[in-house]
Protein chains: 2
Amino acid sequence: MKNKRHSIKDIAAALNVSVTTVSFVLNGKAREKRISEEVTKKVLDYAKSINYKPNQLAQSLRTGRSKIIVVMVEDISNYFFSKLARIIEDIAYDKGYKVLFCSNENKDERSRDLINLFRERQVDAYVIVPSPGIQQDIAELVSDDIPVVLFDRYFPEIETNYVIIDNSEAVHKASQHLVDNSYKNIGFITISSSQTQMEARQRGYREAMQANNLKEFVLEVPFYEKNIEKVKELIKEYIAAQGLDAIFFATNYLTQIGLEVIRESYPEKINEMGIITFDDNDLFKIYFPPITAVSQPLEEIGEELMTTVLKMLKNASDKPYKNQKILSASLIERNSSFPNKSRA
Amino acid sequence: MKNKRHSIKDIAAALNVSVTTVSFVLNGKAREKRISEEVTKKVLDYAKSINYKPNQLAQSLRTGRSKIIVVMVEDISNYFFSKLARIIEDIAYDKGYKVLFCSNENKDERSRDLINLFRERQVDAYVIVPSPGIQQDIAELVSDDIPVVLFDRYFPEIETNYVIIDNSEAVHKASQHLVDNSYKNIGFITISSSQTQMEARQRGYREAMQANNLKEFVLEVPFYEKNIEKVKELIKEYIAAQGLDAIFFATNYLTQIGLEVIRESYPEKINEMGIITFDDNDLFKIYFPPITAVSQPLEEIGEELMTTVLKMLKNASDKPYKNQKILSASLIERNSSFPNKSRA
DNA sequence: CCTGAAAGCTAAAACGTTTTATTTAATCGA
DNA sequence: TCGATTAAATAAAACGTTTTAGCTTTCAGG
């Protein structure tokens, strides 16, 4: 049966009251607008009986609020982001919001396109992993009083809310863990990037090396290098050149390439070298050897992001909600960072 | 500068024409509605000069179309689905559609909740990976003339469009590959489920065994078993009991658990046993040994899904677009299914 | 009996479009 | 010259809400 949808008008007509009354009642303003108990009940009952659901489009048009939150990440198919998406999704639906996920591929142009796209579509709020040069556009959103929360990285120069983790502390601690396990020549493979999270990670590594009077071996892969073979070549040469006994990979992406290089070119090293990766992945647990990983607190990040965004939406722009949160990552110790433990 | 948004009315006022005229011109109906070249150009130019963008909410309210497509998968944080999401996202934005991703966890109740949620929000179309008992609700969508495309699995009993892969053929071929590599006792670990894709996979395996006169060893893990330890136990016993020289894992999830079991309990076997998994994952490539995988054609699936949905949206309900597509998966041969190849 | 306030309800405008029906002016054919 | 046609444009309704500003009715107090 193709039950055409009921409108407020239908209810009003059926009960012989005005549309206004129905609207007041359904919006819980019966008291405030002094609608009688009797009428209130009548409306409520009837609405329930026909299973009335308001037309959200009309509601949005009138109120200017779409109940849509955009979550823009670097790549939704990335383990970290997709796990987080799953968490955010649950919270949002629970609160009556829809979430639009999109990927900016860490490119400014794409970020800009997406932001513009969504501004046209009166999205209510933005949760963004910003690409490097998108500062200006973020600042504009903020100055237009549109709720924005950044995460994973941020721009120190602009006043925004953000949820990040203490990257340098996390890497420092993890590096120290390698040192404690008597690795001496610890390499750090990262991406050449001035984004806050990458700089912090490198800083954490360098500080740990300095604190232990160890030599620093940093390989910065050009971040614009899309050719995986080129990257593999770089890593291969790097491993060959330095006499490393451990490697810290600053991103999951690099870990994957790095492990591939090791498997292809230095298979004997896989059980000798200390290995730590930034960002965990289910599969690292079952690797041979299981890979030690710096793991971000996904649940916590997701919750923090959503409560922030929801509070920003609730608070008027004259008393903005301020929240700049720095969470801690944890180190999941697995065999790959212990020289003695059985490696298989 | 907080540039308040322009409306059609603003344009009309500025140019001294009617709102109607502006609307016609902007919708490309100038010709059809015989608006003069002169006025048409004037409107177009002005609209461009102020960078006019229509209010989509108002548009949607009037036309009844929201330009939103829902993509409901089992779990958006699953590798296969998140990769696919990334592909769908691109196509959709390109065509002016937004995509709402959501996860039903393969549970009927959650599926139903989500479908109801979205029906209230006048979503235009649905791309769904259906949970086992959601048949009725899907049938309702279809009978209400709402575009739906199923994928990954489908319901043979109801007339829907779908995009699936030939699971039985894919598994048959992959099993044959094991046989060709002289494995004799090939186990098949799957989930107890009557969903089309799982039945087809098991069928493929059984047919291959029969064709080669080999014994069938199937382990069906109860699909409702959420306790991972229990599942590990089952797999562990299974491996101990049968004298297997190869295992075919019917889902990625089982592969991960299975590899964990092997690592923990039978580490010596990892380099002896033939292993094949259904659904690839970037990390299988760098595993020790690299894992042979049945790989679904993600791009193709994504494109097929989107063209189907877009065509359904375009075609009127009196001449519905019909598309039931069965694609082929490919076998990515890696070391884990070759007894002779170096395994590291 | 009148006044003013309170209680209870509602008409109508507004949000920004699309679309139907209509108006006006110009042109044409005979 | 007149009626008919066509070209060009538009007024107004509609989509389904929310919200402002009023409108009745009742009743207490003087």
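Every number in this text was worked out from the coordinates using simple rules, so none of it is lab data. Small disclaimer: the values here were computed from a predicted structure and weren't measured. Backbone-built Cβ (ideal geometry, glycine too); neighbour counts: all protein chains shown.
Here's the list of lysines a cross-link from B:Lys325 could span, going by alpha-carbon distance under 28 Å and ignoring same-chain residues fewer than 8 apart: B:Lys67, B:Lys83, B:Lys95, B:Lys98, B:Lys107, B:Lys173, B:Lys311, B:Lys314.
Of all beta bridges that DSSP places with both ends in chain B, some 10 percent have antiparallel geometry. With the biggest extent put first, the Cα atoms of the stretch A:87-224 measure 55, 33, 24 Å across the principal axes. Using the Cβ of A:Glu37 as centre and a radius below 15 Å, the other residues enclosed give a net charge of +3, where K and R count +1 and D and E count -1. Spin-label model, B:Ala14/A:Lys226: points 7 Å from Cα along the beta carbon direction are separated by 3.7 nm.
For n ≥ 4 DSSP H runs only, could you compute -39500 (n - 2.57) per run for chain A, divide by its residues and tell me the 222 nm figure to the nearest 500?
For chain A, the value works out to -13500 deg cm²/dmol.
Please state the shape class of the stretch B:257-311: rounded when a/c is under 1.5, otherwise prolate if a/b exceeds b/c and oblate if not, all from the C-alpha gyration tensor. Don't jump to the answer; show the numbers that get you there.
On the way: a/c = 4.24, a/b = 3.54, b/c = 1.20.
Taking the square roots of the gyration eigenvalues as a ≥ b ≥ c, the stretch B:257-311 is prolate.
Per residue of peptide A:54-61, the mean number of Cβ atoms on other chains within 10 Å of the residue Cβ is 6. Across identical copies of the chain, A:Asp113 has label-point separations of 3.5 nm, listed in ascending order, with the point defined 7 angstrom from Cα along Cα→Cβ.
With neighbours defined as other Cβ atoms within 10 Å of a residue's Cβ, the residues B:Leu57, B:Leu310 order from fewest to most as B:Leu310, B:Leu57. Each 5 Å bin, from zero up to the one with the longest distance, holds this percent of the alpha carbon pairs of the stretch B:146-289: 2, 9, 19, 21, 20, 15, 8, 4, 2, 1, 0.
Could you give the nm distance between label points at B:Gln136 and A:Asn212, where each point is 7 Å from its Cα heading toward the beta carbon? It is 6.2 nm. Across the copies of the chain, A:Glu159 has label points (7 Å from Cα along Cα→Cβ) spaced 6.2 nm apart, shortest distance listed first. Pair-distance distribution P(r) for the stretch A:8-54, from all Cα-Cα distances in 10 Å bins starting at 0: 30, 64, 6 percent. Which of A:Lys107, A:Lys67, A:Lys53 moves most in a GNM of chain A, Cα contacts under 10 Å? It is A:Lys53. Listed from fewest to most Cβ neighbours within 10 Å, the set B:Thr196, B:Thr292 follows the order B:Thr196, B:Thr292. Of the trypsin sites (Lys or Arg not before Pro) found in the stretch B:122-209, no site is in coil according to DSSP while having at most 11 other Cβ atoms within 10 Å of its Cβ. Highest GNM mean-square fluctuation among B:Glu260, B:Glu207, B:Glu74, for chain B modelled with Cα contacts below 10 Å: B:Glu260.
Applying Stokes-Einstein at 10 °C and 1.306 mPa s to the Kirkwood radius of the stretch B:1-134, computed over alpha-carbon pairs, gives a translational diffusion coefficient of 90 µm² s⁻¹. A Cα-only calculation for the protein assembly as shown places Rg and Dmax at 28.4, 86 Å. Using only the Cα atoms of the stretch A:72-151, build the gyration tensor, take square roots of its eigenvalues as a ≥ b ≥ c, and label the shape rounded, prolate or oblate: rounded if a/c is under 1.5, else prolate if a/b is larger than b/c, else oblate. It is oblate, given that a/c is not under 1.5 and a/b is not larger than b/c. Once you order the gyration tensor axes a ≥ b ≥ c over the Cα atoms, which shape class does chain A get: rounded for a/c under 1.5, otherwise prolate or oblate by comparing a/b with b/c? Judged from the Cα gyration tensor, chain A comes out prolate (a/c at least 1.5, a/b above b/c).
For the residues A:Glu268, A:Glu225, A:Glu38, a GNM of chain A with alpha-carbon springs under 10 Å puts the largest fluctuation on A:Glu38. In a reduced charge model with +1 at each Lys and Arg Cβ and -1 at each Asp and Glu Cβ, the stretch A:8-54 shows a dipole moment near 120 debye about its Cα centre.
A:Asn16 label point (Cα plus 7 Å toward Cβ) to equivalent points in the other copies: 5.4 nm, shortest first. Listing A:Arg62, B:Arg110, A:Arg5 from fewest to most neighbouring C-beta atoms within 10 Å gives A:Arg62, A:Arg5, B:Arg110. Check each of the trypsin sites (Lys or Arg not before Pro) in the stretch B:224-269 and keep only those in coil by DSSP with at most 13 other C-beta atoms within 10 angstrom; list them in order. Sparse-neighbourhood loop trypsin sites (Lys or Arg not before Pro): B:Lys226. Candidate cross-link partners of B:Lys42 among the aspartates and glutamates, defined by an alpha-carbon separation under 19 Å and a same-chain spacing of 8 or more, comprise B:Asp10, B:Glu32.
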